[in-house]
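Trainee: Here it is, the structure in full.
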Ligand SMILES: Nc1ncnc2c1ncn2[C@@H]1O[C@H](COP(=O)(O)OP(=O)(O)OP(=O)(O)O)[C@@H](O)[C@H]1O
Ligand SMILES: [Mg+2]
């Protein structure tokens with residue numbers, strides 16, 4: 001049985017796809033069998049971030065409609081053999097996904113994978129609901145900013161009421177807070193909500209804090225998930241997330257601004 | 001003097017935006033969580049009726065009145081009314 005994990009947020013552009021790619025690849029590098037599913041029907045971004053966009057032949061909707069088998073649609077990652085990607089389609093037909101058909105695909109994937117990571121579209125509409133419906137765990141991706149925190153709270157409400165686990169009265173979805181685009185310097189200056197502030201408001205366990213980092217753009221330019229950039233702060237922060245998902249206790253890093261050298265302090269850095 | 005101004009203004013900014021954001025979020029999130037919990041169907045009518053009675057005697061604005069049905073542990077329910085009175089009316 002696979003662990004089904006949805007990466008969700010409500011608000012758009014907070015780093016769900018970046019995080020899905022990093023976490024999927026990170027778990028696979030640890031030797032687990034992982035499949036990454038792009039639920040963002042019509043937009044399709046995960047394949048670009050993973051760097052496999054030119055190998056897409058069939059997609060999720062083709063599988064749902066019976067036009068291709070799962071094996072035909074799954075793309076094997078070139079870097080790690082235990083990782084596969086199921087791309088979203090670029091057709092606009094968002095209603096292609098039904099609970100029944102998605103459930104079937106997930107059941108089949110569950111037989112052969114350890115982790116199924118679902119990259120959710122933004123919003124709280126049908127697409128986002130479909131991505132979270134079957135989840136066992138949710139990574140609630142949040143930026144330290146009012147509208148993102150508020151949307152995350154709304155998503156928490158959905159997880160608790162609109163998921164399969166809620167409807168069937170099973171054990172609730174396990175929730176994780178992933179704070180992304182965190183800028184310790186701005187927090188120190190009182191311009192940005194701190195980790196503690198967001199934890200206070202959402203009151204769910206903290207899985208990770210990913211700093212605002214130039215490495216993320218470089219990674220997406222290259223189609224190499226940022227976790228491969230082991231020198232970078234964001235790459236290391238995602239690495240810590242993997243350890244925590246696997247049950248290790250790891251200290252949080254990159255929470256305080258780097259001290260400036262005396263020269264930059266004197267000469268207005 | 002200008003330098004002092006600069007520092008004090010900087011400090012002022014420190015207490016303001018992030019903590020203001022937190023305060024606003026705490027209020028809106030608490031509010032939205034409350035309305036997520038399904039309230040009984042009679043609650044809106046009850047609210048209206050209570051307000052009607054109250055307004056026979058005192059001035060009550062919509063903002064200074066709140067009604068809440070809370071589920072406590074077990075099967076205990078508490079109906080909570082909050083009415084803010086302004087100074088003149090309290091005495
Ligand atoms: N830690 C970070 N530091 C800097 N930039 C980041 C970080 N995380 C994400 N970004 C940038 O933010 C933008 C949005 O990221 P991403 O596509 O992962 O978000 P998303 O939540 O999947 O968006 P959507 O809701 O549209 O699917 C991208 O340009 C990405 O490069
Ligand atoms: Mg995305």
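FYI, it's all coordinate maths here, none of it is from the lab. Because the structure is a prediction, the values reported are computed rather than measured. Using ideal geometry, Cβ is built from the backbone for each residue, glycine included, and neighbour counts are taken over all protein chains shown.
Trainee: By count of other Cβ within 10 Å, fewest leading, how are A:17, B:47, A:8, A:230 ordered? It would help to have the intermediate numbers written out before the result.
Mentor: On the way: A:17 27, B:47 16, A:8 30, A:230 9.
Fewest to most other Cβ atoms nearby, the residues stand as A:230, B:47, A:17, A:8.
Trainee: Further question on the same structure: Provide the FRET efficiency to the nearest 0.05 for the residue A:258-residue A:230 pair, computing r from the beta carbons and using R0 = 25 Å.
Mentor: Numbers: r = 19 Å, r/R0 = 0.74.
Step by step, r from the Cβ atoms, then E = 0.85.
Trainee: Something else about it: Kindly work out what percent of the DSSP beta bridges joining two residues of chain A are antiparallel, to the nearest 5.
Mentor: 5
Trainee: State the extension gain, in nm to one decimal, for the chain segment bounded by residue B:42 and residue B:84, taking 0.36 nm per residue of separation less the distance between their alpha-carbons.
Mentor: 12.8 nm
Trainee: Round to the nearest 0.05 the FRET efficiency obtained for residue A:98 and residue A:171 when R0 = 22 Å and r is the Cβ-Cβ distance.
Mentor: E between residue A:98 and residue A:171, to the nearest 0.05, is 0.35.
Trainee: In Å and whole numbers, how far do the C-alpha atoms of the range A:42-121 stretch along each principal axis, longest first?
Mentor: Taking max minus min along each principal axis of the Cα atoms, the range A:42-121 gives 33, 28, 22 Å.
Trainee: Return the distance in nm (one decimal) between the two label points of a simple spin-label model at residue A:251 and residue B:49, each offset 7 Å from Cα along Cα→Cβ.
Mentor: 6.2
Trainee: Separate question: Kindly give Rg over Rh for the range A:1-76, based on alpha-carbon atoms, with the Kirkwood expression for the hydrodynamic radius.
Mentor: When Rh is taken as the Kirkwood radius, the ratio is 0.95.
Trainee: Give me the angle, in degrees from 0 to 90, between the Cα long axis of helix A:16-29 and the longest principal axis of the Cα atoms of chain A, rounded to the nearest 10.
Mentor: In chain A, helix A:16-29 runs at an angle near 80 degrees to the longest axis.
Trainee: Next up: Specify whether the C-alpha gyration tensor of the range A:118-269 places it in the rounded, prolate or oblate class, a ≥ b ≥ c being the square roots of the eigenvalues: rounded for a/c under 1.5, otherwise prolate if a/b is larger than b/c and oblate if not.
Mentor: Note, shape of the range A:118-269 comes out prolate.
Trainee: Further question on the same structure: Does the range A:105-176 come out rounded, prolate or oblate, given a ≥ b ≥ c as the square roots of the eigenvalues of its C-alpha gyration tensor, rounded meaning a/c under 1.5 and, failing that, prolate meaning a/b above b/c?
Mentor: On the way: a/c = 1.98, a/b = 1.58, b/c = 1.25.
Taking the square roots of the gyration eigenvalues as a ≥ b ≥ c, the range A:105-176 is prolate.
Trainee: Rounded to the nearest 0.05, what FRET efficiency is calculated for residue A:243 and residue B:68 with R0 set to 41 Å and r the Cβ-Cβ distance?
Mentor: The calculated FRET efficiency here is 0.45.
Trainee: For the range A:1-45, what does the convex hull of the Cα positions come to per residue, in cubic angstrom?
Mentor: Per residue, the Cα convex hull of the range A:1-45 comes to 83 Å³.
Trainee: Turning to a different aspect of this structure: If each residue's Cβ is checked for other Cβ atoms within 10 Å, how do A:182, A:58, B:57 rank with the fewest at the top?
Mentor: Arranged by neighbour count, lowest to highest, A:182, A:58, B:57 become B:57, A:58, A:182.
Trainee: Here is a follow-up. Given the -39500 (n - 2.57) contribution per DSSP H run of 4+ residues, what per-residue ellipticity at 222 nm results for chain A, rounded to the nearest 500 deg cm²/dmol?
Mentor: Working: 13 runs with 110 residues, N = 269.
Mean residue ellipticity at 222 nm (helix-derived): -11000 deg cm²/dmol.
Trainee: On to the next question. Can you tell me the alpha carbon radius of gyration of the range A:3-176 divided by the globular rule-of-thumb value 2.2 N^0.38 Å? Write down the numbers at each step before the final one.
Mentor: Working: Rg = 14.9 Å, N = 174, 2.2 N^0.38 = 15.6 Å.
Against the empirical 2.2 N^0.38 Å value, I get 0.95 for the range A:3-176.
Trainee: Using alpha carbons only, how many degrees (0 to 90, rounded to 10) separate the axis of helix A:99-112 from the longest principal axis of chain A?
Mentor: Here the helix axis deviates by roughly 80 degrees.
Trainee: Same structure again: Which number do you get for Rg(Cα) / (2.2 N^0.38 Å) in the range A:87-147?
Mentor: Dividing the Cα radius of gyration by 2.2 N^0.38 Å gives 1.25.
Trainee: Further question on the same structure: Between rounded, prolate and oblate, where does the protein assembly as shown land on the alpha carbon gyration tensor, with a ≥ b ≥ c its root eigenvalues, rounded for a/c under 1.5, else prolate if a/b exceeds b/c?
Mentor: oblate
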